[in-house]
Amino acid sequence: MLPSRHTSRSPLLHFDGTSNRPLRYAKNQKSPFEDEQDGNVVLEPIIFEDGMLAVPKENPVLQEFLYLHPQRDMVFEEIDNERDAQEDLEIINYEVDALIAAKECGIDTMEIMCRVLIGSNPEKLSTAELKRDILLYARNYPEEFLDALNDPMVKLQNLVAKCFEQNKLGLRNKGKDVYFNLKSNKTKLLTVPFGENPQYIVASYLNSDDGLETYKLLDKVINE
């Protein structure tokens, strides 16, 4: 049920450029504005059944009331088949583009996407499993997949993920600190801010000027 009259508990006001005017739907009136209605109003509830409300063309007052209603496009919206079709078309195009891009990815790129987007270790998957998982992710999350393909941070996150997989980096102090775990280096790398993803924080550090030398070191260690 939609509020159909202005009250202090449920204010229904429309600003006409000069003042806020209270709204009220009465089926026997010619205007949805309370100040344009006479004293003999017949109030009628506005009820959506199964999420739908059909407004006949013979009831222009209700049409205007719904158009001016403050909850329009928040609680309810007018059906627009052309707009919905356009939105569906954009989603389908994203899916097609993402699937084509995923299909054309090399194994190295698929492994990166698997580590960073899916959070799985591609070394534990067969080639068929890897390709299937990437295609499914691209179909289900096309925009995220396409953005990741062009994001330089993704490659850094992949490097960091491999460092953790191969135990070149490790977490201590209940996941608060990241430490090197190299033969000649067991020092602390950084502290992870509360609530943040450790791998993303490390990747962000490697992407900074201060982290350039660390990036070179880890890249060399992983590719040895």
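The values are calculated or read from the model by the stated rules, or taken from the named source; none is laboratory data. In this text the structure is predicted, and so the values were computed from the model without any measurement. Counting neighbours? That spans all protein chains shown, and the Cβs are built from the backbone with ideal geometry, glycine included.
Restricting region 58-94 to residues that are among the aliphatic types (A, V, I, L, M) and over 28 Å from the mean Cα position of the chain (by Cα), which is nearest to residue 15 (Cα to Cα)?
If we filter region 58-94 for residues that are among the aliphatic types (A, V, I, L, M), which is where we start, we get 61-62, 66, 68, 74-75, 79, 85, 89, 91-92.
From the residues that got through so far, the ones that are over 28 Å from the mean Cα position of the chain (by Cα) too are 61-62, 66, 68.
Working: 61: 18, 62: 18, 66: 15, 68: 9 Å.
Per the stated criteria, the residue is 68.
Looking only at residues in region 6-22 that are within 17 Å of residue 75 (Cα to Cα) and surrounded by 15 or more Cβ atoms within 10 Å (Cβ to Cβ), the one that is farthest from the chain's Cα centre (by Cα) is 6.
Residue pairs whose Cβ atoms lie under 7 Å apart, separated by 6 or more positions or on different chains, with the first residue in region 206-217 and part of a loop (DSSP other than H, G, I, E, B) and at pLDDT 90 or above and the second surrounded by 12 or more Cβ atoms within 10 Å (Cβ to Cβ) and aliphatic (A, V, I, L, M), are 207/153; 207/156.
Kindly establish whether residue 189 is at pLDDT 90 or above, of a type outside the set (Phe, Trp, Tyr) and either outside any loop (DSSP other than H, G, I, E, B) or under 28 Å from residue 110 (Cβ atoms) (or both). Judged against the criteria, residue 189 is a match.
I want to confirm something. Restricting to region 47-67 and keeping residues that are part of a loop (DSSP other than H, G, I, E, B) and touching a strand residue (DSSP E or B) at 6+ places or on another chain (Cβ under 8 Å), which single residue is surrounded by the fewest Cβ atoms within 10 Å (Cβ to Cβ)?
Narrowing region 47-67 to residues part of a loop (DSSP other than H, G, I, E, B): 47-48, 50-51, 53-59.
Restricting the remaining residues to those that are touching a strand residue (DSSP E or B) at 6+ places or on another chain (Cβ under 8 Å) gives 47-48, 53.
Working: 47: 9, 48: 12, 53: 15.
So the residue we want is 47.
Quick check, is residue 44 over 30 Å from residue 146 (Cα atoms), modelled with pLDDT under 90 and surrounded by 11 or more Cβ atoms within 10 Å (Cβ to Cβ)?
On the way: over 30 Å from residue 146 (Cα atoms): yes; modelled with pLDDT under 90: yes; surrounded by 11 or more Cβ atoms within 10 Å (Cβ to Cβ): yes.
Yes, satisfied.
Filtering region 103-119 to residues that are hydrophobic (A, V, I, L, M, F, W, C) and surrounded by 18 or more Cβ atoms within 10 Å (Cβ to Cβ) leaves 105, 110, 112, 113, 114, 116, 117. Among the residues of region 68-102, those identified as loosely packed, with under 15 Cβ neighbours inside 10 Å and touching a residue at least 60 places away in the same chain (Cβ under 8 Å) are 71, 75.
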